[in-house]
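J.: Provided herewith is a single structure, encoded as structure tokens, for subsequent inquiry.
The values are calculated or read from the model by the stated rules, or taken from the named source; none is laboratory data. In this text the structure is predicted, and so the values were computed from the model without any measurement. Note that we place each Cβ from the backbone using ideal geometry, even for glycine, and neighbour counts take in every protein chain shown.
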Amino acid sequence: MRKQTLAGLQEHVPLSSMTTMRVGGPARYFYIARNHKALERAFSFAREHRIPVFVLGGGSNVVVSDEGFPGLVVRPDIKGVQVQENGVMLRATVGAGEDWDAFVARITDKKIFSIENLSAIPGTVGAAPIQNIGAYGVEVQEFISRVEVFDAHTFQIRTLSSKECLFGYRDSIFKKPEGKNYVITRMVFEFPRRRAICAEYKDIREFIVRNNLNPETLSPKNVRDIIIKIRSRKFPDLRTIGTAGSFFKNPILPKEKFLALAHIYRGLPGYPINKEMVKVPLGWIIEHVCGKKGFSSGPVSMHDKQALVLVHRGGGRARDIKKLADEMRSDIKRQTGIDTEFEVSFVGKF
Ligand code: NAP
């Protein structure tokens, strides 16, 4: 029997320009899915040809292997933003392929405090729940009411409640084996009107003091502008340098382990998660314990303004990135005993 073909399917498509790290080889097959039917066609094609599928969003959190991906790369590009408002809240239904920061700008214009602290995070709306993006004390899970997914096993559309998404710190069902079949297609957000400004983080407080601002009179738009300024000073510019933002997750340690480390490494910051666990900024450890802030290994470095960020200055390969990342992990483990997890995903063979 003749195998089916797929209209719009591309072959041997370079992936490096589709990721913010700007490394990696080609996709054997590449397909843009603009609706559920197209997703169905893509997954049937992969099933029939017995090839693996990788779902690529904005490419801001992945490192693609130098050999590329031997199967089908699908980019879901489902668009559309519908906003409904009432006296209590604002509800937005958004296609997974919409740009995250453009969506943040649109909501910020509604003059309610909500996701303005999540400004200037690259990627698509559909990628936001995967690692439950968070910044400056706000996590996206707070506003997610429902997530619509395409189940690549059953080919059914399912709607998951926020609870079913199993959100955690930079974590969700979509990163676990039980959620690996889900392709996020649409999101429903709910933004309560009466929410206060969230300006506790040091960088925001310092910005407010330095610029003689009154936190009482700041609007969501003002906060968004502040966040954009802070981030542009601290994080590399995606237009000029390869990066995937924070490369590692900040570890959450048992309190005793944190206290033992803080005894050795004076000044180690720690933020209690609950009575037993403390979140530790890994960037501080890379800088002050490992002494690797700004450290370069060929074309890749730990960023000189925020050591948690790995940057690719050009001309490098995925294996250079993996090598430096593995060295950092071993160094951190040797000096502190901490097992670190990658925040980014590695795609293809490493
Ligand atoms: P930062 O503000 O220097 O903070 C470093 C670490 O300390 C983070 O783990 C942060 O927790 C924690 N922290 C700082 N102040 C805290 C407070 N008042 N209460 C509780 N925890 C506190 O971080 P940065 O590197 O400049 O990044 C700025 C923000 O953007 C951070 O919130 C960071 O997590 C976020 N970010 C998120 C992503 C992502 O979602 N992929 C990527 C890059 C940066 P949290 O991580 O819980 O905030």
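J.: What are the residues in segment 193-203 that are loosely packed, with under 14 Cβ neighbours inside 10 Å and away from the ligand (no atom under 16 Å from the Cβ), if any?
T.: Arg194
J.: Take Leu90 and decide whether it is touching a strand residue (DSSP E or B) at 6+ places or on another chain (Cβ under 7 Å) and within 21 Å of Leu238 (Cα to Cα).
T.: Judged against the criteria, Leu90 is not a match.
J.: Can you give me the number of residues within segment 168-191 that are closer than 18 Å to Val81 by Cα and either more than 18 Å from the chain's Cα centre (by Cα) or among the β-branched types (Val, Ile, Thr) (or both)?
T.: Qualifying residue count for the region: 5.
J.: Taking the condition of being of a type in the set (S, T, N, Q), out of contact with any Phe, Trp or Tyr (no Cβ under 8 Å at 6 or more places or on another chain) and more than 23 Å from His153 (Cβ to Cβ), how many residues in segment 6-48 meet it?
T.: Looking only at that region, the number is 4.
J.: While we're here: Considering only segment 129-152, state which residues are among the hydrophobic types (A, V, I, L, M, F, W, C) and within 9 Å of the ligand (Cβ to nearest atom).
T.: Those that are among the hydrophobic types (A, V, I, L, M, F, W, C) and within 9 Å of the ligand (Cβ to nearest atom): Ile133, Ala135, Val138, Val140.
J.: Sort out which residues of segment 262-283 are in a helix (DSSP H, G or I) and either under 27 Å from Asp320 (Cα atoms) or more than 15 Å from the ligand (Cβ to nearest atom) (or both), and write them in order of number.
T.: At the first step, the residues of segment 262-283 found to be in a helix (DSSP H, G or I) are 262-264, 282-283.
Hits for segment 262-283 are His263, Ile264, Leu282, Gly283.
J.: When you scan segment 284-294, do you find a residue that is farther than 18 Å from Asp339 by Cα, assigned to a strand (DSSP E or B) and more than 11 Å from the ligand (Cβ to nearest atom), even just one?
T.: No - not one qualifying residue is present in segment 284-294.
J.: What about Val188, is it touching a residue at least 40 places away in the same chain (Cβ under 8 Å), in contact with a Lys or Arg (Cβ under 7 Å, 6 or more places away or on another chain), over 22 Å from Arg231 (Cβ atoms) and not in a helix (DSSP H, G or I)?
T.: Taking the combined requirement at face value, the residue satisfies it.
J.: Okay, moving on. Restricting to segment 295-330, name every residue that is assigned to a loop (DSSP other than H, G, I, E, B), within 15 Å of the ligand (Cβ to nearest atom) and touching a strand residue (DSSP E or B) at 6+ places or on another chain (Cβ under 6 Å).
T.: His303, Leu308 - these are the residues of segment 295-330 that are assigned to a loop (DSSP other than H, G, I, E, B), within 15 Å of the ligand (Cβ to nearest atom) and touching a strand residue (DSSP E or B) at 6+ places or on another chain (Cβ under 6 Å).
J.: If you don't mind, there's one more thing I want to ask. Just one of (1) within 24 Å of the chain's Cα centre (by Cα); (2) modelled with pLDDT under 95 trips up Glu216, so point out which.
T.: Status for Glu216: all satisfied but (1).
J.: Restricting attention to segment 216-261, which residues are more than 13 Å from the ligand (Cβ to nearest atom), in a helix (DSSP H, G or I), closer than 28 Å to Thr108 by Cα and touching a residue at least 60 places away in the same chain (Cβ under 8 Å)?
T.: Hits for segment 216-261 are Pro220, Lys221, Val223, Arg224.
J.: Residues to consider are Glu206, Glu190; find the one that is away from the ligand (no atom under 16 Å from the Cβ), of a type in the set (D, E, K, R), farther than 17 Å from Ala127 by Cα and modelled with pLDDT of 95 or more.
T.: Values: Glu206 fails: away from the ligand (no atom under 16 Å from the Cβ).
Within the list Glu206, Glu190, the selection yields Glu190.
J.: Run Asn181 past the list (1) more than 10 Å from the ligand (Cβ to nearest atom); (2) more than 26 Å from Cys290 (Cβ to Cβ); (3) out of contact with any His (no Cβ under 7 Å at 6 or more places or on another chain) and report the number of the one that doesn't hold.
T.: Failed condition: (3).
J.: Taking segment 110-152 as the region of interest, how many residues are outside any loop (DSSP other than H, G, I, E, B), surrounded by fewer than 20 Cβ atoms within 10 Å (Cβ to Cβ), in contact with a strand residue (DSSP E or B) (Cβ under 7 Å, 6 or more places away or on another chain) and of a type outside the set (Ser, Thr, Tyr)?
T.: 2
J.: Anything in segment 153-174 that is in contact with a Gly (Cβ under 9 Å, 6 or more places away or on another chain), in a helix (DSSP H, G or I) and within 23 Å of Ala42 (Cβ to Cβ)? List them, or say none.
T.: Residue satisfying the conditions is Ile173 alone.
J.: Do we find that Phe346 is more than 20 Å from the chain's Cα centre (by Cα), within 24 Å of Lys175 (Cβ to Cβ), among the aromatic types (Phe, Trp, Tyr) and surrounded by fewer than 18 Cβ atoms within 10 Å (Cβ to Cβ) in this structure?
T.: On the way: more than 20 Å from the chain's Cα centre (by Cα): no; within 24 Å of Lys175 (Cβ to Cβ): yes; among the aromatic types (Phe, Trp, Tyr): yes; surrounded by fewer than 18 Cβ atoms within 10 Å (Cβ to Cβ): yes.
In short, no.
J.: Of the residues that sit in segment 73-109 and are in a loop (DSSP other than H, G, I, E, B) and modelled with pLDDT of 95 or more, which one is farthest from Asn35 (Cα to Cα)? Before the answer, list the steps.
T.: Of segment 73-109, the ones in a loop (DSSP other than H, G, I, E, B) are 77-80, 86-88, 96-98, 109.
Retained after the next criterion (residues that are modelled with pLDDT of 95 or more): 77-80, 96-98, 109.
Details: Asp77: 8, Ile78: 6, Lys79: 9, Gly80: 11, Ala96: 10, Gly97: 10, Glu98: 13, Asp109: 28 Å.
This residue is Asp109.
J.: Could you go through segment 153-168 and let me know if any residue there is of a type outside the set (Lys, Arg), within 14 Å of the ligand (Cβ to nearest atom), touching an Asp or Glu at 6+ places or on another chain (Cβ under 6 Å) and under 27 Å from Ile228 (Cβ atoms).
T.: no
J.: Give the number of residues within segment 312-330 that are more than 24 Å from Phe69 (Cα to Cα) and touching a helix residue (DSSP H, G or I) at 6+ places or on another chain (Cβ under 8 Å).
T.: 1
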